[in-house]
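To start, the structure under review is shown below, and the notes come after it.
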Amino acid sequence: MFRIRRIHDAILPQNRSAIREVERILAARFPGVPRLEIARLPERLRNPFRERFRPILYVAEDERGDVLGFALVLLEPTIRFTWLDYIANAPGVEGRGIGAALFERVRDESVSHGARGLFFECQPDDPAVVDDPNLLRVNTARLRLYEQYGARPVVGTEWETPIDPSSSAPVPYLVFDGLDRGQPLRRDFARKVARAVLERRYSNLCPPEYVERVVKSFKDDPVRLREPRYQEPAAAAPRRAAVLPREPIAVFMSDVHQIHHVRERGYVEAPIRVPAIERELREAGLGEFLPAQTYPESFITAVHDPELVDFLRRACESMPVGKSLYPYVFPVRNARRKPREISVLAGYYSIDTFTPIHRNAYPAARRAVDCALAAADEVLAGRRIAYALIRPPGHHAERSLFGGFCYFNNAAIAAERLSHFGKVAILDVDYHHGNGQQEIFWTRADVLTASIHGSPEFAYPYFSGFEDELGEGEGLGRNRNFPLPEEVGGKEYVATLKKALDLIAEFEPAFLVVALGFDPARADPTGTWSLRARDFEENGRRIGALHLPTVVIQEGGYRTRTLGRNARFFFQGLLEGANGR
């Protein structure tokens, strides 16, 4: 069993290791490829349109993470074709269906981008030009495999004319795969493809006069393909190999969230929120649900004052079952003189009167932290998107304060974990200001916090979230707020989201943390905006288009009738954006 994983960049250690393995396979399987070109692979992923192609790298890995093979495909979105640059198994890895599985993935990728055809080169299977029996056998096997998918060499052109007339080395065939579209290869399209490949991919090899000669040699319309040589034209495609499914979102769902059930009238942060989202993600096949380990408390105290953590633990343990304590007295003067009684001390650590001290609040919040950290570690292990489906939420919790249904700041804790491996951007898209991240990272230069929210002139938490709050010291300019008016629809929201995403792109983080709230939705009981499912899908697509390793932390969203649907559309868009669709 093996899985096929897309490598988006060389940021994560696992990706760097996989790329090194790919480079070794390249050097072993394609000895004629210059070392400089092999070493440029990370740069090609980092600057995707340097050659006016977008490279997409897939690796086939076994359960230990060893690379068994790879495929590098180049996407040309304007002409709408894909070019299979390289595909190969690791030396000594044969007969396991890896090459077929990689080719199938490349075809799927091509179709998903709307490509009109997949093109690539393949060494000839003609004994008249290949005198090495072993090489002839390998070439024949490859062309036989491709022919099973309907891919056949182009004939009647000068593509196979050597650049150097004195060379006797075989020139590879140009192979066309129509991707089961049932459309012939039209001459004008083929000429554009040939010119793009020769001028961009082989610019260091092909002089202009050679390019013109080859392009003009495509005279037939439609372009002729070689007759099937190894099977009947109507033969079925081969059975798919035993490959793990395309990488879904890793979902870490709190397994104890339901114990935090405050039944007081008007308390909308209810247990039903989690299964409403879970059900939609499972039915849509978007998530791989994984268990979260238990993390030490030190991960929490790296972000929160240990005294706050200790208070929440002791206060929650002291509450009778089924009873809640709400803060009701807050320090105005002598804030440094802490009271002793828990019922009064609650107001010392809280920012509002509606976030209760409840017997199960601490263990539920503690488990939510585990899920957030597990999502961060899953991304550090190479997963592109991981999601902590948790409650209670966390983005209102500051270093020494809790409130807004929040006890520990899950997004900040995940960001702190990731920050040891590179810069982090936190994008808060909850209806309410992410005051917790703002306060925690206020003086940090390595973490950018951006929040889109209802203006504090009318929306909780009222005292933060203004545009002129930019951070201090080294963090000056690393905090940005985008307060919006009471009435906002999808069109207005996405215009602001674009500004936030441009800011993040300029920051060039290694990781993105999304504090995800669905309370911007139409008819949410805590908000005033009117976003619908398709708006969340578009927002997700634009966020995914940043192409960053992404940890998503669930925050608000309280209209349970539409919560799951909005989540499904958001994550569909996020995956599509991350995969370049």
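The values are calculated or read from the model by the stated rules, or taken from the named source; none is laboratory data. As the structure is a prediction and not an experimental result, all values here were calculated from the model. Glycine also receives a Cβ, built like all others from the backbone with ideal geometry; neighbour counts cover every protein chain displayed.
If you go through region 453-485 one residue at a time, how many are surrounded by fewer than 19 Cβ atoms within 10 Å (Cβ to Cβ) and of a type in the set (F, W, Y)?
Qualifying residue count, region 453-485: 4.
Within region 50-103, count every residue that is touching a residue at least 60 places away in the same chain (Cβ under 8 Å) and touching a strand residue (DSSP E or B) at 6+ places or on another chain (Cβ under 8 Å).
24
Checking the conditions here, which among R52, R6 is under 23 Å from the mean Cα position of the chain (by Cα) and outside any loop (DSSP other than H, G, I, E, B)? Full working, then the answer.
Numbers: R52 fails: outside any loop (DSSP other than H, G, I, E, B).
Exactly one of R52, R6 is under 23 Å from the mean Cα position of the chain (by Cα) and outside any loop (DSSP other than H, G, I, E, B), namely R6.
With the condition kept exactly as written, say whether any residue in region 211-224 is polar (S, T, N, Q), assigned to a loop (DSSP other than H, G, I, E, B), over 30 Å from E280 (Cβ atoms) and at pLDDT 95 or above. Step through it out loud before you land on a result.
Going through region 211-224, the residues polar (S, T, N, Q) turn out to be 217.
Retained after the next criterion (residues that are assigned to a loop (DSSP other than H, G, I, E, B)): 217.
From what is left, the residues that are over 30 Å from E280 (Cβ atoms) are 217.
Among the residues that remain, those that are also at pLDDT 95 or above are: 217.
So far as region 211-224 goes, yes, one or more of its residues are polar (S, T, N, Q), assigned to a loop (DSSP other than H, G, I, E, B), over 30 Å from E280 (Cβ atoms) and at pLDDT 95 or above.
Any idea which residue in region 103-116 is farthest from A60 (Cα to Cα), counting only those that are of a type outside the set (V, I, T) and surrounded by fewer than 22 Cβ atoms within 10 Å (Cβ to Cβ)?
Once the filter is applied, the top-ranked residue is R116.
Return the residues of region 248-268 that are of a type in the set (D, E) and either at pLDDT 95 or above or in contact with a helix residue (DSSP H, G or I) (Cβ under 9 Å, 6 or more places away or on another chain) (or both); say none if nothing qualifies. Working first, answer last.
Step one: of region 248-268, the residues of a type in the set (D, E) are 255, 264.
Residue satisfying the conditions is D255 alone.
Of the residues A88, A60, A100, only one is among the hydrophobic types (A, V, I, L, M, F, W, C), assigned to a strand (DSSP E or B) and surrounded by fewer than 22 Cβ atoms within 10 Å (Cβ to Cβ); which?
On the way: A60 fails: surrounded by fewer than 22 Cβ atoms within 10 Å (Cβ to Cβ); A100 fails: assigned to a strand (DSSP E or B).
None of the other options fit; the residue is A88.
Taking the condition in contact with a Lys or Arg (Cβ under 9 Å, 6 or more places away or on another chain), over 18 Å from I413 (Cβ atoms), in a helix (DSSP H, G or I) and of a type in the set (A, V, I, L, M), does L281 pass? Working first, answer last.
Working: in contact with a Lys or Arg (Cβ under 9 Å, 6 or more places away or on another chain): yes; over 18 Å from I413 (Cβ atoms): yes; in a helix (DSSP H, G or I): yes; of a type in the set (A, V, I, L, M): yes.
Yes: the conditions hold for L281.
State all residues of region 1-42 that are surrounded by fewer than 12 Cβ atoms within 10 Å (Cβ to Cβ) and either under 23 Å from D108 (Cβ atoms) or in contact (Cβ under 8 Å) with a residue 24 or more places away in the chain (or both); if no residue qualifies, say none.
Of everything in region 1-42, just one residue is surrounded by fewer than 12 Cβ atoms within 10 Å (Cβ to Cβ) and either under 23 Å from D108 (Cβ atoms) or in contact (Cβ under 8 Å) with a residue 24 or more places away in the chain (or both), namely M1.
Right, L427: within 29 Å of I259 (Cβ to Cβ), hydrophobic (A, V, I, L, M, F, W, C) and in contact (Cβ under 8 Å) with a residue 40 or more places away in the chain or not?
Values: within 29 Å of I259 (Cβ to Cβ): no; hydrophobic (A, V, I, L, M, F, W, C): yes; in contact (Cβ under 8 Å) with a residue 40 or more places away in the chain: yes.
It is false that L427 is within 29 Å of I259 (Cβ to Cβ), hydrophobic (A, V, I, L, M, F, W, C) and in contact (Cβ under 8 Å) with a residue 40 or more places away in the chain.
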